[in-house]
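In what follows, a structure is listed as structure tokens, so that the remarks can point back to it.
The values are calculated or read from the model by the stated rules, or taken from the named source; none is laboratory data. Quick caveat, the model's predicted, so the values are computed rather than measured. All Cβ positions, glycine included, derive from the backbone under ideal geometry; neighbour counts span all protein chains shown.
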Amino acid sequence: MTRNMCSGYGDAGVQLNKYLAHAGVTSRRDAVRLIEAGDVRINGEVIKEPGYRVMPGDVVELRGKPIRCEQKVYFLLNKPKDFVTTCADEHGRRTVVSLLAGRIRQRVYPVGRLDRGTTGLLVMTNDGTLANKLAHPRYGVEKRYVVTLDKPLVNEDVLRIRRGVRLFDGVVKVDSLRLSARRQNEATISLHSGKNRVVRRLFEALGYRVRKLDRIAYAGLQKRGLPIGAWRPLSLDEVTQLSRATASRTY
């Protein structure tokens, strides 16, 4: 699904540094430096205020080159193992962004993180506002994982997880924990916590080692046959669903 990034600015306009970031020119922080250096003109006039509001119809130029708003795009990616959720990696490791490189025109970023060894669903977008909300712990977006452990999960620990497990950064409460009918060391866990590496740390705190971790649902989005390493555009209904996921529920 695509959506014009200029739409929705309305009569209030949008901050210049945000406009440049949304146009895919640079990050918002680097945009501030470009603006303050006098590299940006609006309607032929040099503007050095990052907070200057760009209005619909304004002509924005960076070093004499017109800058136009980029369309917002939204994709769902089934992350493979051994890919990192960054745009670039100083150690030369493969990134999730490389899976879409050359196949779409827009510059997209992963929402939130999955560690290198974890597979499963990631949202990829250039909508910074939505991405920040989805990734922020206070919105408590629901995630569901299938976890495979190094040994069977005993009933005592199942009860402890359902009651809540205390980690160094607070108590982790899950929405549900369902054991696999086929494998005693496999379970499906749902939670809203935004803590870093929370599923792995939860089981490690109880003496288990996570052998495999796969995110099968994110903010209501499902895999539904999406192969590992594949991606697809989100529908309008799915983008609306993501927006609703960050509209009211907070933790």
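Against the definition (outside any strand (DSSP E or B), touching a Gly at 6+ places or on another chain (Cβ under 7 Å), outside the structural domain of Ala12 (by TED's automatic domain parsing) and surrounded by 15 or more Cβ atoms within 10 Å (Cβ to Cβ)), how does Leu130 come out, yes or no? Explain how you work it out, then say what you get.
Details: outside any strand (DSSP E or B): yes; touching a Gly at 6+ places or on another chain (Cβ under 7 Å): no; outside the structural domain of Ala12 (by TED's automatic domain parsing): yes; surrounded by 15 or more Cβ atoms within 10 Å (Cβ to Cβ): yes.
Judged against the criteria, Leu130 is not a match.
Suppose we filter segment 111-124 for residues that are farther than 30 Å from Pro56 by Cβ and at pLDDT 90 or above; how many remain? Steps first, please.
Going through segment 111-124, the residues farther than 30 Å from Pro56 by Cβ turn out to be 112-122.
Remaining after also requiring at pLDDT 90 or above: 114-122.
The qualifying residues number 9.
Residues that are part of a loop (DSSP other than H, G, I, E, B), modelled with pLDDT of 90 or more and touching a helix residue (DSSP H, G or I) at 6+ places or on another chain (Cβ under 6 Å) were ranked within segment 78-110; the one that is surrounded by the most Cβ atoms within 10 Å (Cβ to Cβ) is Phe83. With respect to the conditions (1) outside the structural domain of Pro227 (by TED's automatic domain parsing); (2) surrounded by fewer than 18 Cβ atoms within 10 Å (Cβ to Cβ); (3) in contact with a helix residue (DSSP H, G or I) (Cβ under 9 Å, 6 or more places away or on another chain), Val165 falls short on a single one, namely (2).
What strands (runs of 3 or more DSSP E) completely inside segment 164-251 contain at least 1 residues that are under 24 Å from Asp82 (Cβ atoms), of a type in the set (D, E, K, R) and touching a Leu at 6+ places or on another chain (Cβ under 8 Å)? First the steps, then the outcome.
Working: elements: 165-167, 170-172, 176-179, 186-191, 210-218, 231-233.
Hits in segment 164-251: 186-191, 210-218, 231-233.
For (1) within 30 Å of Asp237 (Cα to Cα); (2) at pLDDT 90 or above; (3) assigned to a helix (DSSP H, G or I), each residue gets a yes or a no:
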site: Ser7; (1), (2), (3): yes, no, no
site: Asp11; (1), (2), (3): yes, no, yes
site: Tyr19; (1), (2), (3): yes, no, yes
site: Val25; (1), (2), (3): yes, no, no
site: Arg29; (1), (2), (3): no, no, yes
site: Ile35; (1), (2), (3): no, yes, yes
site: Arg41; (1), (2), (3): no, yes, no
site: Pro50; (1), (2), (3): no, yes, no
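Whenever a residue of segment 42-70 is within 16 Å of Arg28 (Cα to Cα), its partners that are small (Gly, Ala, Ser), lying with C-beta atoms within less than 6 angstrom and at least six residues away or across chains, give the pairs Lys48/Gly38; Arg53/Gly13; Val54/Gly13; Ile67/Ala23; Cys69/Ala23; Glu70/Ala23; Glu70/Gly24. Can you find a residue in segment 170-181 that is over 22 Å from the mean Cα position of the chain (by Cα) and among the hydroxyl-bearing types (Ser, Thr, Tyr)? Among the residues of segment 170-181, at least one is over 22 Å from the mean Cα position of the chain (by Cα) and among the hydroxyl-bearing types (Ser, Thr, Tyr), which makes the answer yes. Selection of first residues in segment 170-185 that are exposed (fewer than 13 other Cβ atoms within 10 Å of the Cβ) and of second residues that are assigned to a loop (DSSP other than H, G, I, E, B), restricted to Cβ pairs under 7 Å at least 6 apart or on distinct chains, gives the following pairs, ordered by first then second residue: Val171/Gly164.
Applying the condition of being closer than 20 Å to Leu134 by Cβ and basic (Lys, Arg) to segment 186-228 and asking which residue is surrounded by the fewest Cβ atoms within 10 Å (Cβ to Cβ) yields Arg224. Of all the numbered requirements in (1) of a type in the set (S, T, N, Q); (2) surrounded by 15 or more Cβ atoms within 10 Å (Cβ to Cβ); (3) not assigned by TED's automatic domain parsing to the domain that holds Trp231, Asn155 misses one, and that requirement is (2).
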